[in-house]
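First comes the structure, then the notes that go with it.
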């Protein structure tokens, strides 16, 4: 912003010195970026190119690699274990697009309503996120231990429904149980993101909604959700990418077991590379996963450029209030009030322009 | 908000920074580059825990350096389960230690194929390893009649039992399948888990069980034939062994239930053995290093016995031979003589090795022809008895085969992954064995099967 201001104030007579200053600053900026670029080339671009190359080879990780063309990719398409693992990633994604986001939204909304002890709850919910995954996993492995965990403790006081349940040893429970452990650490982070976004929503919008007769639920649907839309989209994108790349919690708790019941592509890839020593095939697997992630990111970018935005229509939430009046009033109230309000209003304004 | 600097100042400071980074890089590279022929030997050890590591540095490294003036032994400790990956990564980058440790002969073979190990035959003549080391064990380090690796950290599978519990119940370790099954039923009937077992901490540990059932049901002769390609792994004698294992798991004999077998961690299952919640435990001889920690709290006594034959015709006292690691000299070692000297120091002196084995059980098991009298009196006699028994059995050819040592890595991983599916009912024992045979056949065609030593009876 400062740079822009300098450029705007420069008159025609000062063009030459201002241009020199601008060039020097550009040069300085580029020079500062050089170390980062070099590091990125070394640790990201180089290995990435190497991975692409090795994905077309048969390579054990030591010795020479034999070029096999697209054979690894053909094998991948026919590999049942890969598709099962990919399906588990999809299940994982669905779980994380629903449970932690719902918990985070609800928690953030409720937390935004209180003043006392808010910081305590924020810290309490956020702590699991900053604790090492190994510690979180060990904690929950003990809590959910069929012999010494919560199940047997509850049974000892006459509540036997979890007694002997082996959460990580049962093929049906293993994947959701590991997801539960990961979610415990993750949802607090989502909550904080949503809470921060919520605090930037203009309070006048809530007042306007209340004046229009909107209840808590209607305020949530029609003010809160549109107000935090950019954060919501960011969380969704982050969740999808994280879910596709999930590795640590599954690896630590079950290593993909029992019998592949919690195998995800990340753990399968690790096994291919470091247990079966098929580094070329593992590279192809990793690139395929990156391709899927990349496609999803591109879809998001494309849709955003096309003007698509997540918007909760007030139509279904307007029981007891006049939604049309509410939208119009809200937009007129806060059009110039804040960036986040503007973001919401751009959506509302478009809605209000819809045919009536 | 920031102090503006001129371009000249920026370039000057940037140059200094770059020089500093470059200099630091050079220094660091110098630190990590190994001996380079200066008499320095680098060794990556798989020892864990401050006790064994300190013992190693004080009682092995320092005396070695004292006895070999001019050789500077640089030791670093790596996590055992990561060792192979770390070594591969280092070698791939043209680095790596001078003495290379692998997890077993099948792994060593890959390094030999990649021409990364130096031949050791001259050193074998110099140090008379043929005379000192167990011949059958030494054979595992030979490829195409050339010696490349010294097997180290010999292991076997044992039947541990809670001796106090057995005495209370009037039981003796089982001598055959009938005895084992009747004991298991009796213990289970009394609310005691027959075998403490679980793979929650390391699902790959499931391979111990196919190993045990194939050796003690199918027998070492059948295994030798299968490993050398004479008969397929789909042979009924192997299928029946897996069915028996599956049967025991479904009955809840291993760990209490199938689900608990999948989720029990090592600490939990060892504690169950220690406090008498479980009667027995099938595990490798490495457990001798820790077993007292789990038994001490309860005040119970423990002992071990050889695993019983599960079918007639299988030897009564049979020990699966496992090689915990192999030691080789990096072809690029700056001081190959120094590296070989340390391998000799570590593996080929019976008196020294016996002392170390007594001090730190299972960490320094050298392939030497031990008898019980070779070990110091301070050594736990149960440990001494086990070491002597394994050494004697190996010498006589009365041994079996562990999956981690004699199966190629891909076949081994197949066993670890797919045998779980037999227990969950996703595939049958016959399908599992058929799949193993296909994988093993592929591995054999690719030359990935390590040298298979012939048992005495085969």
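Looking only at residues in the stretch B:65-89 that are buried (at least 20 other Cβ atoms within 10 Å of the Cβ) and at the interface with chain A (Cβ under 10 Å from one of its Cβ atoms), the one that is farthest from the chain's Cα centre (by Cα) is B:88. Would you point out which residue out of B:437, B:426, B:412 is closer than 17 Å to residue A:277 by Cα and either part of a helix (DSSP H, G or I) or in contact with a helix residue (DSSP H, G or I) (Cβ under 9 Å, 6 or more places away or on another chain) (or both)? Result of the check over B:437, B:426, B:412: B:412. Touching a residue at least 24 places away in the same chain (Cβ under 8 Å), more than 24 Å from residue A:246 (Cα to Cα) and within 14 Å of chain B (Cβ to nearest Cβ): is that true of residue A:28 in this structure? Here the answer is no, as residue A:28 does not meet what is asked.
When the stretch B:128-165 is limited to residues that are part of a helix (DSSP H, G or I) and assigned by TED's automatic domain parsing to the domain that holds residue B:295, the one that is nearest to the chain's Cα centre (by Cα) turns out to be B:163. Filtering the stretch A:256-285 to residues that are over 26 Å from residue A:177 (Cβ atoms) and either in contact with a strand residue (DSSP E or B) (Cβ under 9 Å, 6 or more places away or on another chain) or more than 9 Å from every other protein chain (Cβ to nearest Cβ) (or both) leaves A:278, A:279, A:280, A:281, A:282, A:283, A:284. Scanning for something in a helix (DSSP H, G or I), out of contact with any strand residue (DSSP E or B) (no Cβ under 6 Å at 6 or more places or on another chain), more than 14 Å from chain A (Cβ to nearest Cβ) and at pLDDT 95 or above, does the stretch B:194-207 turn up at least one residue? No, the stretch B:194-207 contains no residue that is in a helix (DSSP H, G or I), out of contact with any strand residue (DSSP E or B) (no Cβ under 6 Å at 6 or more places or on another chain), more than 14 Å from chain A (Cβ to nearest Cβ) and at pLDDT 95 or above.
Is it the case that residue A:158 is buried (at least 16 other Cβ atoms within 10 Å of the Cβ), more than 9 Å from chain B (Cβ to nearest Cβ) and either free of Cβ contacts under 8 Å to residues at least 12 places away in the same chain or touching a strand residue (DSSP E or B) at 6+ places or on another chain (Cβ under 6 Å) (or both)? No; evaluated as a whole, the condition is false for this residue. Total residues in the stretch B:90-126 satisfying the condition of being assigned to a helix (DSSP H, G or I), more than 12 Å from chain A (Cβ to nearest Cβ) and surrounded by fewer than 20 Cβ atoms within 10 Å (Cβ to Cβ): the figure is 4.
In the condition set (1) more than 14 Å from chain A (Cβ to nearest Cβ); (2) in a helix (DSSP H, G or I); (3) within 22 Å of residue B:320 (Cα to Cα), residue B:293 is compliant with all but (3). Across the stretch A:135-146, the qualifying residues are those that are in a helix (DSSP H, G or I) and touching a helix residue (DSSP H, G or I) at 6+ places or on another chain (Cβ under 7 Å), and the one among them that is farthest from residue A:181 (Cα to Cα) is A:143.
Residue A:216 - would you say it is surrounded by fewer than 16 Cβ atoms within 10 Å (Cβ to Cβ), modelled with pLDDT of 90 or more and over 19 Å from the mean Cα position of the chain (by Cα)? No, not satisfied. Exactly one residue out of A:236, A:253 is buried (at least 22 other Cβ atoms within 10 Å of the Cβ), in contact with a helix residue (DSSP H, G or I) (Cβ under 8 Å, 6 or more places away or on another chain) and either in contact (Cβ under 8 Å) with a residue 12 or more places away in the chain or within 14 Å of chain B (Cβ to nearest Cβ) (or both), and it is A:253.
Residue B:160 passes every criterion in (1) farther than 20 Å from residue B:400 by Cβ; (2) buried (at least 16 other Cβ atoms within 10 Å of the Cβ) apart from (1). Being assigned to a loop (DSSP other than H, G, I, E, B) and either within 14 Å of chain A (Cβ to nearest Cβ) or more than 18 Å from the chain's Cα centre (by Cα) (or both) narrows it down to one of B:378, B:362, so name that one. Only one candidate qualifies: B:378.
Going through (1) farther than 29 Å from residue A:255 by Cβ; (2) surrounded by 18 or more Cβ atoms within 10 Å (Cβ to Cβ) one by one, residue B:451 falls short only on (2).
Examine the stretch B:184-196 for a residue that is within 30 Å of residue B:82 (Cα to Cα) and in the same structural domain as residue B:417 (by TED's automatic domain parsing), and state whether such a residue exists. Spell out how you get there, then give the answer.
Of all residues in the stretch B:184-196, those within 30 Å of residue B:82 (Cα to Cα) come to B:195-196.
Next, from what is left, pick out any that are in the same structural domain as residue B:417 (by TED's automatic domain parsing): B:195-196.
Yes, the stretch B:184-196 contains a residue that is within 30 Å of residue B:82 (Cα to Cα) and in the same structural domain as residue B:417 (by TED's automatic domain parsing).
Among residues that are within 14 Å of chain B (Cβ to nearest Cβ) and either surrounded by fewer than 24 Cβ atoms within 10 Å (Cβ to Cβ) or at pLDDT 85 or above (or both), residue A:166 is included. When residue B:392 is tested against (1) within 18 Å of the chain's Cα centre (by Cα); (2) over 30 Å from residue A:168 (Cα atoms), only condition (1) is not met. Given the condition in contact with a helix residue (DSSP H, G or I) (Cβ under 6 Å, 6 or more places away or on another chain), within 23 Å of residue B:160 (Cα to Cα) and in the same structural domain as residue B:430 (by TED's automatic domain parsing), answer yes or no: does some residue in the stretch B:215-234 qualify? Yes, some residue in the stretch B:215-234 is in contact with a helix residue (DSSP H, G or I) (Cβ under 6 Å, 6 or more places away or on another chain), within 23 Å of residue B:160 (Cα to Cα) and in the same structural domain as residue B:430 (by TED's automatic domain parsing). Within the stretch B:389-412, the residues that satisfy the criterion of being within 14 Å of chain A (Cβ to nearest Cβ) and buried (at least 21 other Cβ atoms within 10 Å of the Cβ) are B:403, B:404, B:407, B:408, B:409, B:411, B:412.
The values are calculated or read from the model by the stated rules, or taken from the named source; none is laboratory data. Source: prediction; values computed, not measured. Quick reminder, even Gly has a Cβ in these numbers, built from the backbone with ideal geometry, and neighbours come from all protein chains shown.
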